[in-house]
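Student: Please see the structure below; I have some questions.
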Amino acid sequence: TKIIYRQPDGTRVTIDAAPGDSVMSAALAADVDGIVGECGGNMMCATCHVYVEDPGAGRLPAMTDDEDQMLAFTDAPRTTASRLSCQLPAGDTIDTMVVTVPGSRT
Ligand code: FES
């Protein structure tokens, strides 16, 4: 899976994620700015918040109640595109996925 991370300033980083990676773990491995993943993927921090764009969005796992609740604690505003990137597998079913990294609150 190719994951394209778009930064608030318009720059993009493209990563080839391995099966088993999440959008969060792939970002950490590649040092993508703005994705922290403080809790290690346990849905306890919301520092892995991203906005997901199609075409990937429709093929992603449905949001669980836990993810839904944790998205109330994101720094950046939540939108209908908001997901926790640790809950998004970089599986074989998705060729290319585009996510936007929220700007950090200053
Ligand atoms: Fe903490 Fe995703 S890494 S909620």
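Student: When you scan region 2-39, how many residues do you find that are in contact with a helix residue (DSSP H, G or I) (Cβ under 7 Å, 6 or more places away or on another chain), over 10 Å from Val99 (Cβ atoms) and of a type in the set (Val, Ile, Thr)?
Tutor: Residues in region 2-39 being in contact with a helix residue (DSSP H, G or I) (Cβ under 7 Å, 6 or more places away or on another chain), over 10 Å from Val99 (Cβ atoms) and of a type in the set (Val, Ile, Thr): 1 in total.
Student: Another question, if that's okay. Out of (1) in a strand (DSSP E or B); (2) surrounded by fewer than 19 Cβ atoms within 10 Å (Cβ to Cβ), the odd one out for Tyr51 is which?
Tutor: The one condition Tyr51 does not meet is (2).
Student: Of everything in region 62-104, what is among the basic types (Lys, Arg) and in a loop (DSSP other than H, G, I, E, B)? Give them in sequence order.
Tutor: Selection gives Arg78 alone.
Student: Of the residues that sit in region 79-94 and are among the aliphatic types (A, V, I, L, M) and either under 17 Å from Thr64 (Cα atoms) or more than 16 Å from the ligand (Cβ to nearest atom) (or both), which one is modelled with the highest pLDDT?
Tutor: Once the filter is applied, the top-ranked residue is Leu84.
Student: Please state which of the following conditions Ala46 fails to meet, knowing it meets all the rest: (1) assigned to a helix (DSSP H, G or I); (2) surrounded by 20 or more Cβ atoms within 10 Å (Cβ to Cβ).
Tutor: Unmet condition: (1).
Student: Quick check on my filter: what residues within region 54-73 are surrounded by 19 or more Cβ atoms within 10 Å (Cβ to Cβ) and modelled with pLDDT under 95?
Tutor: If the condition is that a residue be surrounded by 19 or more Cβ atoms within 10 Å (Cβ to Cβ) and modelled with pLDDT under 95, then Gly56 is the only one that fits.
Student: Can you find even one residue in region 20-36 that is outside any loop (DSSP other than H, G, I, E, B) and free of Cβ contacts under 8 Å to residues at least 40 places away in the same chain?
Tutor: Yes, the conditions are met somewhere in region 20-36.
Student: State which residue is surrounded by the most Cβ atoms within 10 Å (Cβ to Cβ) when the search covers only region 74-93 and only residues that are touching a His at 6+ places or on another chain (Cβ under 8 Å) and of a type in the set (A, V, I, L, M, F, W, C).
Tutor: Leu84
Student: Here is a follow-up. Among (1) more than 15 Å from Glu67 (Cα to Cα); (2) within 16 Å of the ligand (Cβ to nearest atom), where does Val52 come up short?
Tutor: (1)
Student: Being assigned to a loop (DSSP other than H, G, I, E, B), touching a residue at least 12 places away in the same chain (Cβ under 8 Å) and among the polar types (S, T, N, Q) is the filter here, so list the residues in region 1-19 that pass it.
Tutor: Scanning region 1-19 gives Thr1, Gln7.
Student: Take Gly40 and decide whether it is among the small types (Gly, Ala, Ser), within 12 Å of the ligand (Cβ to nearest atom), surrounded by 11 or more Cβ atoms within 10 Å (Cβ to Cβ) and over 11 Å from the mean Cα position of the chain (by Cα).
Tutor: yes
The values are calculated or read from the model by the stated rules, or taken from the named source; none is laboratory data. Remember, predicted model here, so these are calculated numbers, not experimental data. All Cβ positions, even for glycine, are placed from backbone atoms using ideal geometry, and neighbour counts span all protein chains on display.
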